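Trainee: Pasting in a structure now, in structure tokens, and then I'll have a few things to ask.
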Amino acid sequence: MSQINYPKFANECLQELIEKQDVFNVEYDIDGYENWFYNDATGLLTFSTGEEEVNFKYLRVGSLSKNSNTWKWSWDNDMISPDAKEKLNCVREFGEKYDFDKLTDGYFESSEEEAWELSAITAKLTDGIGVYRPVSEHLLVFIVVKEFVDTESAQLIKERYIECDVHDYRRIAFVCKHLNHTSKVGFEESFETHENMELEEEEDFQAWCDECEKVRQKEGGWNDKSMVFANIKLVCEQCYFEMKELNLGYK
Ligand SMILES: [Zn+2]
Ligand SMILES: [Zn+2]
């Protein structure tokens with residue numbers, strides 16, 4: 001196996017990123033937008049001015065703490081979803097293959113310069129088109145921009161998520177008005193679910209209580225009458241599984 005010199009490799013990635021970054025900024029006129037927003041649940045980075053917006057898929061590389069001057073890879077961060085972590089597997093594997101500690105250690109002392117290097121390496125290994133670095137309190141967050149998403153597709157992705165007061169952005173779930181976080185009322189589902197499961201395009205998390213099930217049975221299924229009785233409300237995925245656990249004892 002041929003060896004790679006880490007500093008040389010990191011520097012090459014950085015130079016490559018600088019070129020990519022110019023193309024990205026010019027092609028999408030990134031500086032021309034007033035607002036930016038990234039959402040770890042949808043995986044979308046949005047730049048907008050009023051109604052006008054441009055969206056990209058991204059992957060969260062990691063963050064640099066200005067307080068402690070430490071770098072934390074996203075795969076080492078408990079706040080990040082398993083899905084988002086998985087996208088960094090190829091970087092870790094590359095690090096293991098060539099024995100690059102900085103790509104395999106989750107958390108270490110670092111600097112902003114190095115954070116750019118790590119992000120440039122990630123951009124190279126994941127075919128990113130640029131890197132964006134929003135600031136969140138004392139954290140510099142580094143994200144690799146993956147690909148442009150047209151507005152209509154971005155809208156469809158966003159519609160599958162909901163902002164919960166407790167759990168932030170999560171996938172949307174549907175429950176009858178009787179399901180709640182404190183009392184057991186039964187938990188019927190449209191199909192067997194488990195936490196963090198992948199859903200097909202046309203699938204949604206849907207659950208209802210025992211009373212709703214009685215009405216549904218009597219009506220021979222979901223019709224106007226049973227739907228009015230259930231009066232379905234929207235909750236986040238996490239709330240859904242908390243209600244499931246309360247009623248069934250498992251998620
Ligand atoms: Zn109900
Ligand atoms: Zn919630």
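The values are calculated or read from the model by the stated rules, or taken from the named source; none is laboratory data. The structure displayed is predicted, hence computed values, not measured ones. We place every Cβ from the backbone using ideal geometry, glycine too, and count neighbours over all the protein chains shown.
Trainee: So which residues in segment 29-41 are farther than 20 Å from residue 122 by Cβ and not aliphatic (A, V, I, L, M)?
Mentor: Residues satisfying the conditions are 29, 31, 32, 33, 34, 35, 37.
Matching residues to (1) touching a helix residue (DSSP H, G or I) at 6+ places or on another chain (Cβ under 6 Å); (2) in contact (Cβ under 8 Å) with a residue 12 or more places away in the chain; (3) surrounded by fewer than 19 Cβ atoms within 10 Å (Cβ to Cβ):
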residue	(1), (2), (3)
3	no, yes, yes
18	no, no, yes
39	no, yes, yes
56	no, yes, no
62	yes, yes, no
69	no, yes, yes
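Trainee: Here's another thing I want to ask about it. Are any residues in segment 173-219 within 12 Å of residue 236 (Cα to Cα) and at pLDDT 95 or above, and if so, which ones?
Mentor: 173, 174, 175, 205, 206
Trainee: Quick check, is residue 31 part of a helix (DSSP H, G or I), loosely packed, with under 11 Cβ neighbours inside 10 Å and either modelled with pLDDT under 95 or among the hydrophobic types (A, V, I, L, M, F, W, C) (or both)?
Mentor: yes
Trainee: Any chance segment 165-179 includes a residue that's assigned by TED's automatic domain parsing to the domain that holds residue 57 and among the basic types (Lys, Arg)?
Mentor: no
Trainee: Here's a follow-up. Checking residue 47 against (1) farther than 23 Å from residue 153 by Cα; (2) in contact (Cβ under 8 Å) with a residue 12 or more places away in the chain, which single condition isn't satisfied?
Mentor: Going through the list (1) farther than 23 Å from residue 153 by Cα; (2) in contact (Cβ under 8 Å) with a residue 12 or more places away in the chain, residue 47 breaks only (1).
Trainee: Restrict the check to segment 236-248 and report whether at least one residue is within 12 Å of ligand 1 (Cβ to nearest atom) and in contact with a Phe, Trp or Tyr (Cβ under 9 Å, 6 or more places away or on another chain).
Mentor: Within segment 236-248 (the criterion being within 12 Å of ligand 1 (Cβ to nearest atom) and in contact with a Phe, Trp or Tyr (Cβ under 9 Å, 6 or more places away or on another chain)), the answer is yes, since at least one residue qualifies.
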